[in-house]
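A quick write-up on the structure given underneath.
Derivation of every value follows stated rules applied to the coordinates shown; laboratory data play no part. Everything numeric here is computed off the predicted structure, so don't read it as measured data. Cβ: placed from backbone, ideal geometry, glycine included. Neighbour counts: every protein chain shown.
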Amino acid sequence: MLDPHRLALLHDVAVTGTIAGAAARAGCTAAAASQQLSSLERDLGAALLERSARSVRLTEAGRVLAEHAEPVLASLTEAERAVRDVAGLRGGTIRVAAFATAGTSFVIPALAAFRRRYPDIDLRFTELESAEALPLVRAGEIDLAVTHDYAPLSRPNLRGLAQRPLYREPLLLAVPRRLLPTEREPVSLADFADAGWVAALTSTGFQAVVEPACRAAGFEPRISGRVHSYPMVLAMVAAGFGVSLVPQLAAGAQRGLGYLPVGQPQGLARQIHATTRVGGRSTAVQRLLRCITEALTSKTS
């Protein structure tokens, strides 16, 4: 049977690109790591690394083994976590990420509730946009991320990830008060084709919503401003720079603007998910997910 420590070293060589980098992750010397990797090659009877004086690269056999090592090592990690969980949730660390709107609306209250119930577990939170959080979950650096994508627009790469839907919130059209119609009936984005539009900094990918939504409505938006946060979006709309699409949770009351429901294109919404690695929901993460669900229900009911 293959030695999991040697498998982990090979996996870390694939990740870091060097034996020294793998050794640093394992907490040993580069010489000791090299010896362990040579032992792994002898166990398999196959060359896994091509070594030179200044570099190392994986052979095809090494690449295949490194790919197979990832789920094996993840399973071993989950087994260890499961044992700790059964022992009573009296230790360990959960690393959590969420985008800003979710964080302020329900994730931070959920984390506070979890800490009151399980004070011996170390919670570590990072504010991350979904595009930043997903690869970190896949790499095992984040245990649970609250992420989102926009329906029915493009979807992210979910290879190796599992998602649990948390909340589907409609997108609203934020408009300066002077553009508000008398009746708040659902509108078509095409009705605002001549207006300026406030958009996210990114114009492509699954985080972008303004440009794809407007194209789905049959026109190319004229972007009058690009910003990073929804408070900035609302400030620019209120100041008359244009209109924008805003998720319901971000649609706070603000002087100088109003919100309209969107009828066309149909189904514009932000779907919020709890994202973990495949097979990565330990008992502690499940308990945290329960706290998140409770806080979200309290916020939206």
Quiz item: Asp120 to Glu80: extension gain in nm, 0.36 nm per residue of separation minus the Cα-Cα distance?
Solution: 12.7 nm
Practice problem: Average the reciprocal distances over every distinct pair of alpha-carbons in the chain, invert the result, and give the Kirkwood radius in Å. | Solution: 22.1 Å
Practice problem: Express in nm, to one decimal, how much length is gained between His5 and Arg54 on full extension, taking 0.36 nm for each residue of separation and deducting their alpha carbon distance. | Solution: 15.2 nm
Quiz item: Just in region 126-168: which trypsin sites (Lys or Arg not before Pro) are loop by DSSP and have at most 15 other Cβ atoms within 10 Å?
Solution: Arg159
Quiz item: Between Ala30 and Ile108, what FRET efficiency follows from the Cβ-Cβ distance if R0 is 30 Å, with the result rounded to 0.05?
Solution: 0.10
Practice problem: Mind giving me the FRET efficiency for Asp191 and Gln286? R0 is 45 Å, r the Cβ-Cβ distance, nearest 0.05 is fine. | Solution: 0.50
Exercise. For n ≥ 4 DSSP H runs only, could you compute -39500 (n - 2.57) per run for the chain, divide by its residues and tell me the 222 nm figure to the nearest 500?
Key: -12000 deg cm²/dmol
Quiz prompt | Computed E for Ala253/Ala100 - FRET, C-beta separation, R0 30 angstrom, nearest 0.05 | solution = 0.95
Exercise. Please identify which residues in region 99-126 have an amide N closer than 11 Å to a label point set 7 Å out from the Cα of Lys299, following the Cα→Cβ vector.
Key: 99-111
Exercise. Could you state the angle between the C-alpha long axis of helix 60-86 and the longest principal axis of the C-alpha atoms of the chain, as a value from 0 to 90 degrees rounded to the nearest 10?
Key: 80 degrees
Quiz item: Separation between the Phe219 and Ala61 pseudo-spin-labels, each 7 Å from Cα along Cα→Cβ, expressed in nm?
Solution: 6.4 nm
Self-check item: the chain, relative contact order in percent, only Cα pairs under 8 angstrom and at least six apart counted
Solution: 21 percent
Self-check item: trypsin sites (Lys or Arg not before Pro) lying in DSSP loop within region 212-268, provided at most 13 other Cβ fall within 10 Å
Solution: Arg255
Quiz item: Pairing the Cα long axis of helix 108-117 with the longest principal axis of the chain, what angle in degrees results, from 0 to 90 and rounded to the nearest 10?
Solution: 50 degrees
Quiz item: If you wrap region 1-143's Cα atoms in a convex hull and average its projection over all directions, what's the area in nm²?
Solution: 10.5 nm²
Practice problem: Would you mind computing, in nm to one decimal, how far apart the modelled labels at Arg155 and Met232 are, each placed 7 Å from Cα along Cα→Cβ? | Solution: 3.1 nm
Exercise. Over region 47-172, calculate the relative contact order: mean separation of alpha carbon pairs under 8 Å at least 6 apart, over the residue count, as a percent.
Key: 20 percent
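For region 230-301, what is the Kirkwood hydrodynamic radius in Å, using each pair of distinct C-alpha atoms?
About 15.2 Å, per the Kirkwood formula over Cα pairs.
For the chain, the longest stretch holding no GluC sites (Glu not before Pro) located in a DSSP loop with at most 14 other Cβ atoms within 10 Å is which? Don't skip to the end; give the middle numbers.
Working: sites that count: Glu141, Glu183.
Here the longest segment lacking exposed loop sites spans 1-140.
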